[in-house]
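S.K.: This structure is in structure tokens; I'll ask about it shortly.
Please treat every number below as a calculation from the coordinates, not as lab data. Every value quoted in this text rests on a predicted model; they were computed, and no experiment measured them. Note: ideal-geometry Cβ built from the backbone for every residue, glycine included; neighbour counts use all protein chains shown.
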Amino acid sequence: MSIKENILKIREEIEEAKSKVGRTDDVLLLAVTKTVDYGLIDESLEVGIEEIAENKVQELLKRMDHYEDRVKYHLIGSLQTNKVKNLMGRVKLIHSLDRLNLANEIDKRAKNAEIIQDVLIEVNAAKEESKAGIYLEDLDEFVYNILEHSNIRVRGLMTMAPFTDDEAILRETFRKVYEASERIKAKNYENIGMDYLSMGMTNDYKIAIEEGSNIIRVGTGIYGRRNY
Ligand SMILES: *Cc1c(COP(=O)(O)O)cnc(C)c1O
């Protein structure tokens, strides 16, 4: 299938998943472009992709040099504190806020740049040792600790589900994260919003949408299989 066909199919499936649970709000199809050739990314932009993501800062910076303000940029992978300053004013959303010292650094650099940086808190809902992210039981305290960070605006949560085909496990993981976001939303903290839930990749985005995701991060489903 071509990139165009892939994207049309995903868009159809997004609508199907939404209607299955009676949703009418928007779901962002975020294109994960890691290791993809520019020709293929260009094709995807021609059929309506407007926002792209990389999991490494260095790769994201290369995409920025190439596409400048033609697309919006998201960082979805782990972020070292010494790379934060390179991103200020250039990324729409950082999906991977996973520790307090990173929050401190983003807040400081955002202040210097006179911007408010939008972030998502990454949660490790299934407590997998191989994954980054705050455990759900520690989330309230983490949120509480960043309330004073006036140059960070939390917009929601991000999670990566366990690598499994077991639909029940996937569904339960996404549901727990959705419930956590509703719980935090109810606290009405000033700089903590829960507008975004970044959940679902090629293999699980339909389930994620049924469970409330409104940003899906899709690489393989758009560009085909790569080695990463
Ligand atoms: C690579 C990656 C994706 C996309 O994965 P696919 O299975 O190729 O859709 C999504 N989220 C993160 C954090 C990734 O690193």
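S.K.: Under 21 Å between alpha carbons, and skipping anything fewer than 8 positions from Lys83 in its own chain: which lysines qualify?
M.R.: Lys34, Lys56, Lys62, Lys72, Lys92, Lys108, Lys111, Lys131
S.K.: Label the range 120-173 by shape, choosing from rounded, prolate and oblate, from the square roots a ≥ b ≥ c of the eigenvalues of the Cα gyration tensor; if a/c is under 1.5 it is rounded, and otherwise prolate applies when a/b is larger than b/c, oblate when it is not.
M.R.: prolate
S.K.: With charges only on Cβ, +1 for K and R and -1 for D and E, what is the dipole size of the chain about its Cα centre, in debye, rounded to 20?
M.R.: Around 480 debye, computed over the chain.
S.K.: How much net charge surrounds Thr81 when only other residues with a Cβ under 14 Å from its Cβ are counted (Lys, Arg +1; Asp, Glu -1)?
M.R.: In short, +2.
S.K.: So for the chain, taking the charge dipole from beta-carbon charges (+1 Lys/Arg, -1 Asp/Glu), which of Leu97, Ser130, Ile216 sits furthest toward the positive end?
M.R.: Leu97
S.K.: Same structure, new question: Report the net charge of residues surrounding Val57, where surrounding means a beta-carbon distance below 14 angstrom and charges are Lys +1, Arg +1, Asp -1, Glu -1.
M.R.: Around Val57, the charge tally is +4.
S.K.: Collect residues whose amide H, placed 1.01 Å from N in the peptide plane, falls under 5 Å from the amide H of Leu28; neighbours closer than 5 in sequence don't count.
M.R.: Hits under the 5 Å cutoff: Ile215, Ile216.
S.K.: If Lys and Arg each add +1 and Asp and Glu each add -1, what is the summed charge of the other residues whose beta carbon sits under 14 Å from the beta carbon of Gly224?
M.R.: Surrounding charge for Gly224 is +2.
S.K.: Treat the range 98-223 as a sphere of radius equal to its Kirkwood radius over Cα pairs and apply Stokes-Einstein at 37 °C in a medium of 0.692 mPa s; give the translational diffusion coefficient in µm²/s, rounded to a whole number.
M.R.: Reported coefficient: 219 µm²/s.
S.K.: Within 10 Å of each candidate Cβ there may be at most 15 other Cβ atoms; applying that plus a DSSP loop requirement, which chymotrypsin sites (Phe, Trp or Tyr not before Pro) in the range 117-212 survive?
M.R.: When the chymotrypsin sites (Phe, Trp or Tyr not before Pro) of the range 117-212 are filtered for loop state and at most 15 Cβ neighbours within 10 Å, Tyr135, Phe163, Tyr189 remain.
S.K.: Quick one: Karplus J couplings for the range 155-163, per residue in order, coefficients 6.51, -1.76, 1.60, θ = phi - 60°, nearest Hz, x for Gly and Pro?
M.R.: These are the phi-based 3J(HN,Hα) values: 10, x, 10, 10, 8, 10, 6, x, 7 Hz.
S.K.: Given R₀ = 25 Å, what would the calculated FRET efficiency be for Lys108 paired with Asp37, taking r from the Cβ atoms and rounding to 0.05?
M.R.: After rounding to 0.05, the efficiency reads 0.10.
S.K.: Toward the positive end of the charge dipole of the chain, about the Cα centre and with charges on Cβ (Lys, Arg +1; Asp, Glu -1), which of Val84, Ile52, Gly22 goes farthest?
M.R.: The residue sitting most towards the positive pole is Val84.
S.K.: Another one. Rounded to the nearest 500 deg cm²/dmol, what is the calculated helix-only ellipticity per residue at 222 nm for the chain, with -39500 (n - 2.57) per DSSP H run of length n ≥ 4?
M.R.: The helix contribution divided over the chain gives -12000 deg cm²/dmol.
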